[in-house]
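Below: one structure in structure tokens.
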Amino acid sequence: MSGRGIALVTGAGSGIGRAAALALLAEGWSVALAGRRAEALRDTVAKAGEAAARCLPVPADISDPAQVTALFAAVRDRFGRLDLLFNNAGRGSPSAEIDETTDEDWFGVVAANLHGSFLCARAAYAMMKAQRPQGGRIINNGSISAHAPRPGSVPYTATKHAITGLTKSLSLDGRRHNIACGQIDIGNAGTEMTGRMARGVPQADGSIAAEPLMDVAHVGGAVAHMAALPLDANVQHMTIMATAMPFVGRG
């Protein structure tokens, strides 16, 4: 067990999840890495360098209740407890107005972004409630879209607004069990998913415009900062974004 404690990061095979996992490892955490692609998780472990010994890669689809149960059992078997869940895994869908949104895209985004976050939060909450010393922290990945939508983003925006409700409910209910819950809302971090923003994405006025990106490592550092607080302190909501992206005043 590390001095910092035991963390679980979902979506740890790429992007924000990988950046957060590496930042936590650098701060001394032991980290369980969850994601659908085993090869991508192995790449994250390889990037951890000497901290690789504190990694536990667990391939899992967090929208599947049975796989979530197995994931948390693996964490318990290896580490004995859980101090932090970064509920990060998710997906988007092609830009479309609601009448053009397919059932497949709607249910796929809901399954990954909301249902999966619920399943992991439920399992983490139960584990943190039962363990001794009791408690832990859950950090949910919201999004700038938890506040303001992009054009043609009904599934993604709806699920990210729902994540805010999940965060608030967990924060309230968790008090009696020493479980803290906060949310990080991220805008335009440079990852595989956001490369298109530098080439141009739809704006509220109907135009297509390139948007600035920030280094995803800054997001990892922000997650590590939230995670490092004692359980009697909590970052309830943090917004971290590319400074010049269209958010304040969007639309």
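When region 77-93 is examined, which residues are found to be touching a residue at least 24 places away in the same chain (Cβ under 8 Å) and either more than 30 Å from W29 (Cβ to Cβ) or in a helix (DSSP H, G or I) (or both)?
R78, F79, S93
Moving on to the next point. Here is a list of conditions, (1) under 26 Å from K129 (Cβ atoms); (2) modelled with pLDDT of 95 or more; (3) part of a loop (DSSP other than H, G, I, E, B), and G13 meets all of them except one; can you say which number that is?
(1)
Out of K160, K168, report the one residue that is surrounded by 24 or more Cβ atoms within 10 Å (Cβ to Cβ) and basic (K, R).
Result: K160 is the single residue among K160, K168 that is surrounded by 24 or more Cβ atoms within 10 Å (Cβ to Cβ) and basic (K, R).
Another one. Just to be sure before I move on: is A146 under 26 Å from L24 (Cα atoms), without any contact (Cβ under 8 Å) to a residue 40 or more places away in the chain, of a type in the set (G, A, S) and in contact with a His (Cβ under 7 Å, 6 or more places away or on another chain) in the structure I sent?
The answer is yes for A146.
Using the structure shown, decide if A73 is of a type outside the set (K, R), surrounded by fewer than 21 Cβ atoms within 10 Å (Cβ to Cβ), free of Cβ contacts under 8 Å to residues at least 12 places away in the same chain and closer than 16 Å to Y125 by Cα.
yes
I'd like to check something: does region 100-113 contain any residue that is surrounded by fewer than 16 Cβ atoms within 10 Å (Cβ to Cβ) and within 22 Å of Q203 (Cβ to Cβ)?
yes
Among I144, I179, I184, which is closer than 20 Å to R76 by Cα and buried (at least 19 other Cβ atoms within 10 Å of the Cβ)?
I179
Looking at A224 and the list (1) free of Cβ contacts under 8 Å to residues at least 40 places away in the same chain; (2) crowded, with 20+ Cβ neighbours inside 10 Å, which single condition is not satisfied?
Against the list (1) free of Cβ contacts under 8 Å to residues at least 40 places away in the same chain; (2) crowded, with 20+ Cβ neighbours inside 10 Å, A224 comes up short only on (1).
Right, another one. Considering region 16-28 alone, what residues qualify as being closer than 23 Å to M214 by Cβ and part of a loop (DSSP other than H, G, I, E, B)?
E27
Of the residues L71, L56, only one is of a type outside the set (V, I, T), within 25 Å of I138 (Cβ to Cβ), touching a helix residue (DSSP H, G or I) at 6+ places or on another chain (Cβ under 9 Å) and assigned to a helix (DSSP H, G or I); which?
Within the list L71, L56, the selection yields L71.
The values are calculated or read from the model by the stated rules, or taken from the named source; none is laboratory data. Please read all numbers here as calculations on a predicted model, not as lab measurements. Quick reminder, even Gly has a Cβ in these numbers, built from the backbone with ideal geometry, and neighbours come from all protein chains shown.
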